[in-house]
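The values are calculated or read from the model by the stated rules, or taken from the named source; none is laboratory data. Quantities reported herein were computed from a predicted structural model and do not represent experimental measurements. Cβ coordinates were reconstructed from backbone atoms using ideal geometry, including for glycine residues, and neighbour counts include every protein chain displayed. When the accessible area is computed, the model is the full protein with side chains, heavy atoms only, and any ligands, DNA or RNA have been set aside. Shrake-Rupley method; radii C 1.70, N 1.55, O 1.52, S 1.80 Å.
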Amino acid sequence: MSDPLIDKLLENSIGWLADSGPDEDIAISSRIRLARNLNGCNFPINCDDEQLETVETIVDSAMRGGLEPDWMNFKVDRLDDSDKMILFERRLASKELFSRKRGAGLWTSPDERLSLMVNEEDHLRIQSVLPGFQLEKVYETIDRFDDELSAGLDYAFDSTLGYLTCCPSNLGTGMRASVMLHLPGLVLSNQIGGVLQGVRKLNFAVRGIFGEGSDNRGNLFQVSNQSTLGESEPEIIERLSNIIGKLIDYEKRARQRLLAKQSQMVFDRVGRAYGTLRYCYMLSSEEALNSLSLIRFGVDMGMFSSMDIHMVNELFVRINPAHLQRAYGAVEDAQARDVLRARMMRERLRG
Amino acid sequence: MLCEICGKNEATIHIEEITDGKSKTLHLCGECMAKNPSLGGVDINAFNLGDIICNWAGGVNKKHSDNGDNNSESSDNKKTVICDVCGWTAEKLHKTGRMGCPECYRYFHDMLAPALNTMHRGITHTGKNPAGNALSPEREILIQISALKNEQKKCIAAEDYEQAAVLRDKISSLEEDLKRQNTGAENE
Ligand SMILES: [Zn+2]
Ligand SMILES: [Zn+2]
């Protein structure tokens, strides 16, 4: 049976997609997560159900102690498959969290800007997301929340190694900071490969948001730090912010060059994408992502005066299977889902 | 599939690189990965961390046996390390690339140290402390040392050996301070 709180969550707009932020024409969102663990408890990978539940009880009581009353709490063992997919599609929870039979949960603020997974790979995975490019602000938010939490929790911490995490790749600050970038200009002008390779050489991780590896749909990329030890949180954020600033610059220049030299090609691509979404009757997720990306590009260039960039942002989430199913009812196969996806898109674009 | 670098070991790590929109996969073994941090810029979670950690540890153990100490145990040294607190074994660390509990870091520290150096930009935490956990004098010194070492690396890269020597002296004097702090604490 579905958790009624999921419906409440679906009524809200997704704060980090629906609101405005700095450089939002290229940077969709800035995200930071902190990995934290409790002293004296095994990491979840080495826990039985009972130990997991003990950790959950400790974390939950710390959360109830100092929170606004409107935060939502989900227990994994009380969610059905569709609930889980909704949380996954909104990037609130991971598949690893759902792999636990007992003792795993999720806390989130109603605007989804601040959330906490309990018993994922680490006892606590705190996450904060804001729209646009503003990592410092995200860090301020999550740092304060982490301090409040740690007042009630005994974190596993070593003076030399920092926060002790289940995976040594998170050791030290336990911090992974990332920015989601929309880079159609670099993709259309065939510069993306070289640019991303350069980013990787500087020891940052880059991955496509949708699809693995080369199969990059929607031209969305996430750039994040890899090293978590040996630098302070502000140092990591500064280094990452520098590279993000450069990527935003490259993308801007690529867009300007495309408009100066190949404007007809660009208008044609964007126009065709609009035609597809506005008039299609079957729409695969791949075609939807690629068309949405072009429309977002068109909105940035002022081709659609009436369309709002935040609506396009939210559509990137709403075209996913579990969200479609919630809006239009269950369907038996992917083909029927393509029909629903096309219907939703026509309705949205009719405005 | 064999490692594309040494052509000897089984490739257990597969790194995908995207060039001009085309993806190419590099297949290599844990040993070569550990030896070539420049291949880095890859997502550390995307390959088997356990392999890297244990290939490094394998190298470390070999060195020990060359020195002649603990000869009898050395060959399966890494298999016998176990965390007394949670029961996690080196074998499980190898298989998962994960620790079993916070105390595991004490028991597997020697196995882990070289891998940490490859994975991260430093080996000393210089970031925040849990709130209410004031900075100990010992930690303050550690942080200073780490900052000076970074500075020193930059000087050496820029071939400013004079300044690097000055920094080296500062570092060793701080390390003396640290030793004094530690023995002071033990005598208390
Ligand atoms: Zn090799
Ligand atoms: Zn342990």
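A few remarks follow.
- Using all pairs of distinct alpha-carbon atoms, the Kirkwood hydrodynamic radius of the range A:202-319 works out to 16.3 angstrom.
- Under 13 Å from B:Lys179, Cα to Cα: aspartates and glutamates that are on another chain or at least 8 residues apart: B:Glu138
- Ranking A:Arg255, A:Arg326, A:Arg296 from most to least accessible surface, computed with a 1.4 Å probe over the protein chains only, gives A:Arg326, A:Arg255, A:Arg296.
- Chain A: angle of helix A:334-350 to the longest principal axis, Cα-based, in degrees nearest 10: 70 degrees
- Surface accessible to a 1.4 Å probe, per residue, for the residues of chain A, Å²: 39 Å²
- Rounded to the nearest 20 debye, dipole of the range A:234-274 from Cβ charges on Lys, Arg, Asp, Glu: 300 debye
- Accessible surface of chain A [probe 1.4 Å, protein heavy atoms]: carbon and sulfur percent: 47 percent
- Mean partner shielding of peptide A:33-41, defined as the number of other chain Cβ atoms within 10 Å of each residue Cβ, is 2.
- Area of B:Val81 that stays accessible when all protein chains are in place (1.4 Å probe, Å², to 10): 40 Å²
- Between chain A and chain B, the total buried accessible area stands at approximately 4100 Å², from heavy atoms with a 1.4 Å probe.
- Counts of other chain beta carbons within 10 angstrom of each beta carbon in peptide A:170-177 average 4.
- Measuring only protein heavy atoms, the 1.4 Å probe finds A:Tyr281 accessible over about 150 Å².
- At the residue level, B:Ile123 shows approximately 90 square angstrom of accessible surface with a 1.4 angstrom probe and all protein chains present.
- Charges were assigned to the Cβ only: +1 to each Lys and Arg, -1 to each Asp and Glu. The resulting dipole of chain A about its Cα centre is roughly 1760 debye.
- Positive-end residue of A:Val206, A:Val299, A:Gln335, charge dipole of chain A with Cβ unit charges: A:Val299
- Taking GluC sites (Glu not before Pro) in DSSP loop conformation with at most 14 other Cβ atoms inside 10 Å as exposed sites, chain A has its longest uninterrupted site-free stretch at A:1-211.
- For chain A, calculated [θ]222 nm from helices alone, where every DSSP H run of n ≥ 4 adds -39500 (n - 2.57): -15500 deg cm²/dmol
- Inter-chain Cβ neighbour count for B:158-171, averaged per residue, equals 0 (cutoff 10 Å, partner chain atoms only).
- Threshold 50 Å², the range B:77-120 residues less accessible with all protein chains present than alone (1.4 Å probe): B:Arg98, B:Pro102, B:Tyr105, B:His120
- For chain A, alpha-carbon Rg relative to the globular expectation (2.2 N^0.38 Å, N residues): 1.02
- Amide H contacts of A:Glu231 (H built 1.01 Å from N, in plane; Pro and chain starts excluded): B:Thr126 sit under 5 Å, all sequence-distant by 5 or more or on other chains.
- Counted charge near A:Arg257, where neighbours are those whose Cβ lies closer than 14 Å (Asp, Glu -1; Lys, Arg +1): +2
- Protein-only accessible surface order, largest first, of B:Phe108, A:Phe88 at 1.4 Å: A:Phe88, B:Phe108
- Normalising the average separation of contacting C-alpha pairs (under 8 angstrom, six or more residues apart) by the number of residues puts the relative contact order of chain A at 19 percent.
- P(r) tail for the range A:1-146: Cα pairs beyond 28 Å make up 17% of the total.
- 3J(HN,Hα) along the range A:265-281, derived from phi through the Karplus expression 6.51 cos²θ - 1.76 cosθ + 1.60 where θ = phi - 60°, amounts to 4, 5, 4, 4, 4, 5, x, 5, 4, 4, x, 4, 5, 6, 10, 6, 10 Hz, with x in place of Gly and Pro.
- The 1.4 Å probe gives accessible areas that order A:Tyr163, A:Tyr328, A:Tyr139, largest first, as A:Tyr328, A:Tyr139, A:Tyr163.
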